[in-house]
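Quick notes on the structure that follows.
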Amino acid sequence: MRALCPENALLKKKGAPVMPAPPRRTAASLALALSLGLLTATSAHAQSADAQTAATAQSLYDQASADMDAGQFARACPKLEEVTRLIPDGLGAKLTLAECYEKAGRLASAWAQYTLVETLAARAGQAERAQQAATTAAALKPRLATLTVEVPEEVRSVTGLAITRDGVTLGEAQWGVTLPIDAGAHTLVATAPGRKPWKEAVQVSGEGAKVAVTVKPLQVEVAAPAPVQAPPPPADTVSERPWQRPVALAAMGVGVIGVGVGAGLGGMAIARNNESNDGHCDVENYCSQEGVDLRNQAIAFGTGATIAMIAGGALLAGGAVLWFTAPTAPSSAKEKVAGKGSTPTRVAVTPGGVLVQGRW
């Protein structure tokens, strides 16, 4: 298990002297040496480090160490990445992260991290640590897989061209250049305004693989055609609702019948009521059985009259609305229709209902 390193101790005790860098590790002492190298920072930075940030970084580092001891490198590396973000000057954490990348098979990432540690350690005056990182980086370099993204001139000339690899932008300086890359699956995407995006999945098989991909020309995005507007109908076109006036006439005809039926039923109701008052019911409405029956008939006829009058009135009103809102065909259209021998519309009230006859 990797323990709290001397640099972390400096985060807890202000003004503590800077501990010397650990000696060069042998294979047998690798774990112990890494446990002593989490953070390498100047005394000024150690004194200004936020205590909560230091505690968070130490906790993440301890968890990552446990994951690495258990061989769970895919879980350990992201935690170490966060530690290096929280404590940017921590060379020990960067060195442990490089080891994690290497054990996880991400050789290009490990090589880049060792190279970074070499540079930073040399600047910090830690010659032995810089030499160790340089030696490991040199040993990894021949094993690196590479990817070359070729961009033909016809593609380069496209205005606004942008190329990404796994969501990270590849600047123009990287086009056509052989670059180290981790083994595994990668995705290349090229986009440009007004062009269809180009996308390709790339599989880098393993150590030493050399992969080259050429970006294909981006097709022009064809705009969808504007919807065609139907031309307005000619001014002399016959009404688009030729049925409306006949239906209006039919509704009004039925309405007339309803009103007539209602009037008839109303008259019968009055007659029955008058008949009940003719010797069958007194002024105080005490009735004989015959008077009661006559009064009940009068009520029934009155109810029917009310319903018939309401329905008839509604049909009359609806028919009137249909009649007055029906489009009127221009005179020229009427002449054309009349000239073709069309049958005029007729509405007739029959004993069985309303007859509507015509062509529309």
(request) Return the long-range amide H neighbours of LEU144 (sequence gap of 5 or more, or a different chain), with a cut-off of under 5 Å between placed amide H atoms. (result) GLY208
(message) Spelling out what I want: for every residue of region 54-68, take phi, set θ = phi - 60°, compute 6.51 cos²θ - 1.76 cosθ + 1.60 (Karplus), and round to whole Hz; glycine and proline get x.
(response) 5, 5, 5, 4, 5, 5, 5, 5, 4, 5, 5, 4, 5, 5, 5
(request) Mind scanning LYS103/LYS210; LYS79/LYS141; LYS94/LYS196; LYS103/LYS199 and naming the pairs with a C-alpha gap bigger than 29 Å? (result) LYS94/LYS196; LYS103/LYS199
(request) Name the shape class, rounded, prolate or oblate, that the alpha-carbon gyration tensor gives for region 79-189, where a ≥ b ≥ c are the square roots of its eigenvalues, rounded holds for a/c under 1.5, and otherwise prolate holds if a/b is larger than b/c and oblate otherwise. (result) prolate
(request) Give, as a single signed number, the net charge of other residues whose beta carbon lies under 12 Å from the beta carbon of LEU120, with Lys and Arg counted +1 and Asp and Glu -1. (result) +1
(message) Show me, bin by bin at 10 Å from 0, the whole-percent P(r) of region 145-214 based on Cα pairs.
(response) 20, 55, 21, 3
(message) Taking 25 Å as R0, compute the FRET efficiency from the Cβ-Cβ separation of ALA139 and GLN63 and round it to 0.05.
(response) 0.30
(message) Within 10 Å of each candidate Cβ there may be at most 12 other Cβ atoms; applying that plus a DSSP loop requirement, which chymotrypsin sites (Phe, Trp or Tyr not before Pro) in region 54-133 survive?
(response) none
(request) List every residue whose amide H lies under 5 Å from the amide H of GLY176, counting only residues 5 or more places away in sequence or on a different chain, with H placed 1.01 Å from N in the peptide plane. (result) VAL149, GLU150, VAL151
(request) Considering Cα pairs under 8 angstrom that are at least six residues apart, work out the relative contact order of region 145-214 and quote it in whole percent. (result) 44
(request) List, in order, the whole-Hz ³J(HN,Hα) value for each residue of region 303-308 obtained from phi through the Karplus relation with A = 6.51, B = -1.76, C = 1.60 and θ = phi - 60°; use x for Gly and Pro. (result) 5, x, 5, 4, 5, 5
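Counting other beta carbons within 10 Å of each Cβ, put ILE257, ILE87 in order, fewest first.
Numbers: ILE257 18, ILE87 28.
Lowest to highest Cβ neighbour count: ILE257, ILE87.
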(message) Residue by residue through region 190-202, what is 3J(HN,Hα) from phi via Karplus (6.51 cos²θ - 1.76 cosθ + 1.60, θ = phi - 60°)? Round to whole Hz and write x for glycine and proline.
(response) 10, 9, 6, x, x, 10, 6, x, 9, 9, 8, 8, 10
(request) Enumerate the amide H contacts of ARG106 below 5 Å, restricted to partners 5 or more residues apart or on another chain; note that Pro and chain-start residues carry no placed amide H. (result) none
(request) Would you mind ranking THR84, THR115 so that the residue whose beta carbon has the fewest other beta carbons within 10 Å leads the list? (result) THR115, THR84
(request) Please name which of SER205, SER157, VAL177 has its Cα lying farthest along the dipole of region 141-205 towards the positive end, using unit charges on Cβ (Lys, Arg +1; Asp, Glu -1) and the Cα centre as origin. (result) SER205
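For a test of the definition: using alpha carbon positions, the gyration tensor, and the 1.5 limit on a/c, classify region 66-114 as rounded, prolate or oblate.
Oblate.
Every number here is computed from the coordinates shown, using simple stated rules; none is lab data. As the structure is a computational prediction, the values presented were derived from the model and not from experiment. Virtual Cβ from ideal backbone geometry, glycine too; neighbours counted across all protein chains shown.
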